[in-house]
Amino acid sequence: MFDSLWVDAHLATMIPGPEPYGSIRDGAVGIRGGHIAWIGRRADLPGTPGALARQVHSAEGGWITPGLIDCHTHAVFGGNRAQEFEARLRGISYAELARQGGGILSTVRATRAASREELTRGAAFRLQDLATDGVTTVEVKSGYGLTVADELRMLRAAREAGPMAGVEVKGTLLALHAVPPEFSGRRDAYLDLAANEMLPAALGEGLITAVDAFLEGIAFAPREVEPFFRRARDAGLVLRLHADQLEDGDGGRYAAEWGAASADHLEYTSDDGARAMGRAGVTAVLLPGAYLVLGAERRPPVASFRNHGVDMAVATDLNPGSSPVRSLRLAMNLACTLFGLTPEEALCGVTRHAASAMGLSDRGQLREGLRADLAIWGVDHPSELSYWLGGASPLLARVKAGVPVHA
Ligand code: NIG
Ligand code: FE
């Protein structure tokens, strides 16, 4: 007996195989104990729906995909940077704004000044936007607090905002995002604080499953990231890396050497970097929102990633500066139109490959034994999820760990 059974549905299982989208026409999904207990063609069900399940749901002839996963966001922050948006349109660059004390550091000031309630409420609104696009899991990074207390406050706000929006939040400690002003000229002291105080505190409170670092000329160097990554790896945390966004810092290879689950941005990653990522199984997270908003000059090497068998994920990078993108469907469209992904690759990028980018093996596909996180769509074909730009979401319903949820 299933707790519930979904019928009148086509399924985009996203299981690799000969069938595009791993699709099953006229399928059914049986759910028990929050997990997928049965999946296949409706005609192969071992009985009538009413006899098999306590509750039978109709998908109205639409499509069921895995619940979408936004695997890279900075959804907790104070204030916003609409004025920097205006300044950039007047011709002042992102790097110039950062040098003037704007950019990430302006959001650090606003985040430190915000109460935990303000942070939580702001994040919950943004996570609700993601939920209307069928998202059931969101990775949320810290990185605008940059003190022990403020990083923890951000992560607690992320944890509280998840249930308010009906999504599961996984926290990531991005302590190495920028050196805060009070540590200028004392970088090593900040690195010490990040690895030896922030990390154990966030871990001890159960707020994180991953760490991240901004490896870039304007941010942190490989040798600076090392102690933070070593401590995180020893603690069994997933490693993520912002890499090669503004220049080739050999970030793809660095992520591979560390066994990172993902390297993100990657506009300047070399073919060698892509090869190293392929060998080590590092997922490439593509963030077309930041590429678009910053007017970047280079696209990530999608052809190299394909050649070297690198899995590609797609995410919003939702943040107040480089990517105020509040729709994962929009990020999917941009990944297709700006980076040349196929709609199938884009959907894979927000399901199966997004799960790998987060080091999660219990979701991201419609497969027996995995969590019953589903998105039910009123579309004729799953390519429509990447096709429409703007407008109301075609989402009919979401199911999180077996339970229908409303944002
Ligand atoms: O992923 N690259 C670094 N961090 C963010 C930008 C954050 C900001 O501008 O506030 C990113 O694009
Ligand atoms: Fe980011």
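The values are calculated or read from the model by the stated rules, or taken from the named source; none is laboratory data. Since the model is a prediction, treat every value here as computed from it, not as a measurement. Please note: Cβ atoms are built from the backbone with ideal geometry, for glycine as well, and neighbour counts cover all protein chains shown. Surface accessibility is based on the protein's heavy atoms, side chains included, excluding ligands, DNA and RNA. Shrake-Rupley method; radii C 1.70, N 1.55, O 1.52, S 1.80 Å.
Below is a table of values for the structure above.
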item: Whole-angstrom gap from the range 290-335 to the range 126-148, using each part's C-alpha centre; result: 17 Å
item: Cut-off 16 Å, label 7 Å out along Cα→Cβ of GLU226, residues of the range 258-276 by amide N; result: 258-259
item: Candidates ALA53, ALA165, ALA210, ranked by Gaussian network fluctuation over the chain, Cα under 10 Å, top entry; result: ALA53
item: The range 68-357: relative contact order as a whole-number percent, Cα under 8 Å and 6+ apart; result: 17 percent
item: Dipole moment magnitude, nearest 20 debye, the chain about Cα centre, only Lys, Arg, Asp, Glu C-beta charged; result: 560 debye
item: Span-like helix ranges in the chain, DSSP H, alpha carbon extent 15 angstrom or more, Kyte mean at least 0.0; result: none
item: Accessible surface, per residue, of the range 68-357 when the full set of protein chains is kept, probe 1.4 Å, Å²; result: 35 Å²
item: Value at 222 nm in deg cm²/dmol, rounded to 500, when DSSP H runs of n ≥ 4 in the chain each add -39,500 (n - 2.57); result: -9500 deg cm²/dmol
item: Isotropic mean projected area of the C-alpha convex hull, the range 48-141 (nm²); result: 9.8 nm²
item: Kirkwood hydrodynamic radius of the range 311-407, from inverse mean 1/r over distinct Cα pairs, in Å; result: 14.2 Å
item: Residue of GLY185, GLY391, GLY273 that the Gaussian network model of the chain assigns the largest fluctuation, springs spanning Cα pairs under 10 Å; result: GLY391
item: Trypsin sites (Lys or Arg not before Pro), loop per DSSP, at most 12 other Cβ atoms within 10 Å - longest free stretch of the chain; result: 187-407
item: Along each principal axis, Cα extent of the range 270-358, largest first, Å; result: 34, 27, 21
item: The range 1-61 - percent of accessible surface contributed by carbon and sulfur, probe 1.4 Å; result: 51 percent
item: Furthest towards positive pole of dipole, THR283, GLY204, SER270, structure part the range 172-289, Cβ charges; result: GLY204
item: Debye intensity ratio in log₁₀ form over the Cα atoms of the range 61-198, taken at each q of 0.16, 0.19 Å⁻¹; result: -0.86, -1.09
item: Cβ-based charge dipole, the chain, positive-most Cα from ALA51, LEU347, PHE183; result: ALA51
item: TYR387 accessible area, 1.4 Å probe, all protein chains in place, Å² to nearest 10; result: 140 Å²
item: Mean Cα-pair separation over length for the range 256-400, i.e. relative contact order, pairs under 8 Å, 6 or more apart, %; result: 21 percent
item: Protein accessible area in the range 145-236, 1.4 Å probe - carbon and sulfur %; result: 53 percent
item: Residues whose placed amide H lies under 5 Å from that of VAL135, excluding near-sequence neighbours; result: LEU68
item: Fraction of beta bridges assigned by DSSP in the chain that are antiparallel (%, nearest 5); result: 40 percent
item: GNM result for the chain, Cα springs below 10 Å: residue of VAL238, VAL325, VAL148 fluctuating most strongly; result: VAL148
item: Solvent-accessible surface (1.4 angstrom probe) belonging to ILE218, in square angstrom, nearest 10; result: 120 Å²
item: Over the range 68-357, equivalent-ellipsoid semi-axes from the Cα gyration tensor in Å; result: 25, 22, 20
